[in-house]
Amino acid sequence: MTAERKEQGSTRQSILQLLRRNGEMTALGLSECLNVGAVGIRQHLALLERDGLVRIAGLRRSIGRPSHLYMLTPEAEARFPKRYDRLALEMLAYLHEISGPESIDQVLTRRRSVLAHELSPFITGKNRTEQVAALASILAEQGYMCEWREEPDGSYLIFEFNCPIDCVARRHAQLCAQELRLYQELLGAPVVQECTIAQGSHCCRYRVSA
């Protein structure tokens, strides 16, 4: 990466940080804060808007020409540090401390039941191929980088190349077990969990019986 591209990336990150701090800002306000020309700032804003990270929130009317107000989109939140994994681990640890290990199983079982209720309308009434495709699509939307394929023997393989709850699953194997049961319930077929990211594999792989 050239020094110029690094500088451009740094400027756009600074714009995101200023909008995060201030909520809404004009191009002129950003220009003054960053010591970058207004034309350059507008070019950066156009790129950030194209990438879905910034949007126009309205107009600021003052003396002279009205100015657009810019703000972050929900998608931009991913650019800022989050500690959801730590919070989840702490809550489960407190639950274990207060109510014992069986309480974690009860919570995860309840979570599986809710997910099954929410997802079953997208799965039921379809043939097996359509069911697997629908489940893989749902998982992909949830960040699992999911793919699937049909095997020569009529079985199906579901691959998850990312685990959004990996940090928690490595500490609480019940999550992987509950995921397996959820897929079995949704598909109404035997499913074997052949490997998982939490156990050190590069992916989670499930085999669905024909």
For residues in the range 110-132 being aliphatic (A, V, I, L, M) and more than 20 Å from the chain's Cα centre (by Cα), which is surrounded by the fewest Cβ atoms within 10 Å (Cβ to Cβ)?
-> ILE123
When restricted to ARG149, ARG171, ARG128, the only residue touching a residue at least 40 places away in the same chain (Cβ under 8 Å), touching a Leu at 6+ places or on another chain (Cβ under 8 Å), farther than 26 Å from SER103 by Cβ and not β-branched (Val, Ile, Thr) is ARG128
Condition test on ILE138, is it more than 23 Å from the chain's Cα centre (by Cα), within 25 Å of ALA88 (Cβ to Cβ) and of a type in the set (A, V, I, L, M, F, W, C)?
-> no
Give the number of residues within the range 133-161 that are touching a helix residue (DSSP H, G or I) at 6+ places or on another chain (Cβ under 7 Å) and closer than 16 Å to CYS204 by Cα.
-> 8
Hits in the range 151-210 (condition: over 22 Å from MET91 (Cβ atoms), crowded, with 18+ Cβ neighbours inside 10 Å and of a type in the set (A, V, I, L, M)) = ILE158, LEU186, LEU187, VAL191, VAL208
Only one of ILE165, ILE138 is aliphatic (A, V, I, L, M) and at pLDDT 95 or above, namely ILE138
Taking the stated definitions as given, is GLY143 at positive phi, outside any helix (DSSP H, G or I) and not assigned by TED's automatic domain parsing to the domain that holds GLN178?
-> no
Residue that is nearest to SER10 (Cα to Cα) [pool: residues in the range 30-64 that are in a strand (DSSP E or B) and under 28 Å from the mean Cα position of the chain (by Cα)] = VAL54
Within the range 1-29, restricting attention to residues that are among the hydrophobic types (A, V, I, L, M, F, W, C) and either exposed (fewer than 14 other Cβ atoms within 10 Å of the Cβ) or assigned to a helix (DSSP H, G or I) (or both), which residue is modelled with the lowest pLDDT?
-> MET1
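The values are calculated or read from the model by the stated rules, or taken from the named source; none is laboratory data. All figures in this text were calculated on a predicted structure; none of them were measured in a lab. Note that each Cβ is placed from the backbone with ideal geometry, even for glycine, and that neighbours are counted across all protein chains shown.
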